[in-house]
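The values are calculated or read from the model by the stated rules, or taken from the named source; none is laboratory data. Predicted model, so just to flag it, every value in this text is computed and none were measured. Please note: Cβ atoms are built from the backbone with ideal geometry, for glycine as well, and neighbour counts cover all protein chains shown.
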Amino acid sequence: MRNVLDILQERGFLAQITFEDDLYKQLEKEPTTFYVGFDPTADSLHFGHFIPIIAMTHMQRAGHIPIALVGGGTAMIGDPSGKTDMRKMMTAETIAHNVECIKKQMERFIEFGENKARIVNNADWLLKLNYVDFIRDIGALFSVNRMLTAECYRQRLERGLTFLEFNYMLMQSYDFLQLFQRFGCRLQMGGDDQWSNMLSGADLIRRKEHEDAFACTFKLLMNHEGKKMGKTERGALWLDAEKCSPYEFYQYWRNIADQDVEKCLSLLTFLPMEEVKRLSRLEGSGINEAKKVLAFECTKLVHGEEEANKAQLAAAALFGGGASAEVPTFAVSREELEADSRLTTLLNLCGLCQSKGDARKQIQQGAVAVGDSKVSSIDETVSAEQLSGDGILLRRGKKNYCRVILKV
């Protein structure tokens, strides 16, 4: 059987690994417990969590044991990694609510149960710590000089780094130590922006327990222009259907650039690499078939096969000139129309344009259509009669659609 690191390497996941040869041997020797941390700053996972989740699934399929660590304790502080400003403080109640929501979402992807994966909340040990004991036992092993060279801190020094945030590396390292002591966890995996924190955790176990511990990071998914993927017109690409509908999720992957198809098929699906290569070699209109496969497979993973089928049918109906119940829908009341019936206002309200000014600009550029008719005037209005029944289909560009109906 192939080593799972070879699978992850072939599919493009791996960025950095500590003691790579030793980790290969560890993963070949026995089922290895590993963990990935999830920050409960929202009540849903988003695309940024998708690659770690897929990697966890590859690891579990290879016989290793995942721990999904939800940061109910570290969220009380906030991770400074990649941030130019201090995060807003959340209440304990908000954090607890977010943790429960994330737990439910995680169960869609990872198989939990006895001798399988487990979900753990670091609030279970962090909120019970005695600070003096913690600093004496753990803080004494950390060099401030070395910590200040870490990228997660260095980029914040000019704007100001609070002592509250400075504790984050110690607490994340302590998480790894606790998971080692409680569950025999020897490997932390996560995004490449966590490299400094992960190194410190593995080093803490080696110093405290005199045992092997490892860190492995994943590449961030960037498009061919070097920009992060996973952002939509409305913000983050959420994995919650209430925040991002299965249709919107499907359409995001259906509309990626041709140059990004192979990378996304490799990272975000479980298709065999032979099939990934075959689809990626398609040219001309054929590459659109590869994008449809990508969109379907991603949507199936996140929302289930039934929703993926609905999204696929909705997209086919839409591009075929018809409407579908699965297309994003916005309902407007008669009172709202009477107050302002301009199409520019409606484009802003339904989310197709970021502002009324943006809507005017899009119309002037010829990018807006109602049904199959391109809109030429910024003074265009919409009546209640037009929105009755099935409503109207608004389009912005080739990729953005919304059905607007009259609120009953």
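Which of (1) under 30 Å from S173 (Cβ atoms); (2) more than 17 Å from the chain's Cα centre (by Cα) does L221 not meet, given it meets every other one?
All conditions are met except number (2).
With the requirement that a residue be among the hydrophobic types (A, V, I, L, M, F, W, C), within 25 Å of E30 (Cβ to Cβ) and over 23 Å from the mean Cα position of the chain (by Cα), what does the range 163-191 give you? So that I can check it myself, show each step before the final result.
Taking the range 163-191 as the starting set, the residues that turn out to be among the hydrophobic types (A, V, I, L, M, F, W, C) are 163-164, 166, 169-171, 176-177, 179-180, 183, 185, 187, 189.
When the remaining residues are screened for being within 25 Å of E30 (Cβ to Cβ), the result is 176-177, 179-180, 183, 185, 187, 189.
Within the range 163-191, L177, L179, F180, F183, C185 qualify.
Only one of (1) part of a loop (DSSP other than H, G, I, E, B); (2) surrounded by 13 or more Cβ atoms within 10 Å (Cβ to Cβ); (3) over 22 Å from the mean Cα position of the chain (by Cα) is not met by G160, so which one is it?
Just one mismatch for G160, condition (2).
Return the total of residues in the range 239-279 being part of a loop (DSSP other than H, G, I, E, B), under 14 Å from the mean Cα position of the chain (by Cα), among the aliphatic types (A, V, I, L, M) and buried (at least 17 other Cβ atoms within 10 Å of the Cβ). Show your work before the answer.
First, pick out the residues of the range 239-279 that are part of a loop (DSSP other than H, G, I, E, B): 239-245, 255-257, 269-272.
Retained after the next criterion (residues that are under 14 Å from the mean Cα position of the chain (by Cα)): 239-241, 243-244.
From what's left, among the aliphatic types (A, V, I, L, M): 239, 241.
Now drop any that are not buried (at least 17 other Cβ atoms within 10 Å of the Cβ), which leaves 239.
So the answer is 1.
Looking at the range 192-207, can you tell me whether even one residue there is in a helix (DSSP H, G or I), under 26 Å from the mean Cα position of the chain (by Cα), without any contact (Cβ under 8 Å) to a residue 24 or more places away in the chain and surrounded by fewer than 17 Cβ atoms within 10 Å (Cβ to Cβ)?
no
Only one of these conditions is not met by V368: (1) loosely packed, with under 13 Cβ neighbours inside 10 Å; (2) within 24 Å of I256 (Cβ to Cβ). Which number is it?
V368 satisfies every listed condition except (1).
If I go through the range 208-226 residue by residue, how many of them are within 30 Å of N255 (Cβ to Cβ) and either at pLDDT 95 or above or outside any loop (DSSP other than H, G, I, E, B) (or both)?
Start the filter on the range 208-226 by keeping residues that are within 30 Å of N255 (Cβ to Cβ), which leaves 217-226.
Pick out the ones that are also either at pLDDT 95 or above or outside any loop (DSSP other than H, G, I, E, B) (or both) and you get 217-218, 222.
Residues in the range 208-226 being within 30 Å of N255 (Cβ to Cβ) and either at pLDDT 95 or above or outside any loop (DSSP other than H, G, I, E, B) (or both): 3 in total.
When residues of the range 98-123 are filtered for being farther than 17 Å from M56 by Cα, under 19 Å from the mean Cα position of the chain (by Cα) and not aliphatic (A, V, I, L, M), how many remain?
Qualifying residue count for the region: 3.
I'm told S266 meets every condition in (1) under 22 Å from A117 (Cβ atoms); (2) at pLDDT 95 or above except one. Can you identify the failing condition by its number?
(1)
Pick from G37, G71, G48: which is at pLDDT 90 or above and in contact with a Gly (Cβ under 8 Å, 6 or more places away or on another chain)?
Details: G71 fails: at pLDDT 90 or above; G48 fails: at pLDDT 90 or above.
Of the residues listed, the single one that is at pLDDT 90 or above and in contact with a Gly (Cβ under 8 Å, 6 or more places away or on another chain) is G37.
Going through the range 163-179 one residue at a time, which ones are aromatic (F, W, Y), surrounded by 13 or more Cβ atoms within 10 Å (Cβ to Cβ) and farther than 21 Å from Y35 by Cα? Reasoning before the result, please.
Taking the range 163-179 and keeping what is aromatic (F, W, Y), we get 163, 166, 168, 174, 176.
From the residues that got through so far, the ones that are surrounded by 13 or more Cβ atoms within 10 Å (Cβ to Cβ) too are 166, 168, 174, 176.
Selection gives F166 alone.
For residues in the range 1-46 being of a type in the set (F, W, Y) and in a loop (DSSP other than H, G, I, E, B), which is surrounded by the fewest Cβ atoms within 10 Å (Cβ to Cβ)?
Filtering the range 1-46 for residues of a type in the set (F, W, Y) gives 13, 19, 24, 34-35, 38.
The next check asks that each one be in a loop (DSSP other than H, G, I, E, B); those that pass are 13, 19.
Details: F13: 22, F19: 15.
Taking the candidates together, the pick is F19.
Can you tell me which residue in the range 51-63 is modelled with the highest pLDDT, limited to those that are buried (at least 19 other Cβ atoms within 10 Å of the Cβ) and not hydrophobic (A, V, I, L, M, F, W, C)?
Narrowing the range 51-63 to residues buried (at least 19 other Cβ atoms within 10 Å of the Cβ): 51-56, 59-60.
Subset that is not hydrophobic (A, V, I, L, M, F, W, C): 52, 60.
Numbers: P52: 93, Q60: 96.
For the range 51-63, the residue satisfying everything is Q60.
Sort through A236, A295 and tell me the only one that's outside the structural domain of D192 (by TED's automatic domain parsing), among the small types (G, A, S) and free of Cβ contacts under 8 Å to residues at least 60 places away in the same chain.
Numbers: A236 fails: free of Cβ contacts under 8 Å to residues at least 60 places away in the same chain.
On inspection, the qualifying residue turns out to be A295.
Check off (1) within 21 Å of A55 (Cβ to Cβ); (2) touching a Phe, Trp or Tyr at 6+ places or on another chain (Cβ under 6 Å) for L199 and give me the number that stays unchecked.
(2)
Starting from residues that are part of a helix (DSSP H, G or I) and acidic (D, E), keep the ones in the range 280-319 and report whichever is farthest from the chain's Cα centre (by Cα).
Taking the range 280-319 as the starting set, the residues that turn out to be part of a helix (DSSP H, G or I) are 280, 286-303, 305-319.
Add one more test, that the residue is acidic (D, E), and what stays is 289, 297, 305-307.
Working: E289: 24, E297: 16, E305: 20, E306: 22, E307: 19 Å.
Among those that are part of a helix (DSSP H, G or I) and acidic (D, E), it is E289.
For the range 33-72, what are the residues that are among the hydroxyl-bearing types (S, T, Y) and under 14 Å from F13 (Cβ atoms)?
In the first step, residues of the range 33-72 are kept if they are among the hydroxyl-bearing types (S, T, Y); the result is 33, 35, 41, 44, 57.
T57, the sole residue that qualifies.
Can you tell me which residues in the range 358-378 are over 30 Å from the mean Cα position of the chain (by Cα) and not β-branched (V, I, T)?
Across the range 358-378, the qualifying residues are R360, K361, Q364, Q365, G366, A369, G371, D372, S373, K374, S376, S377.
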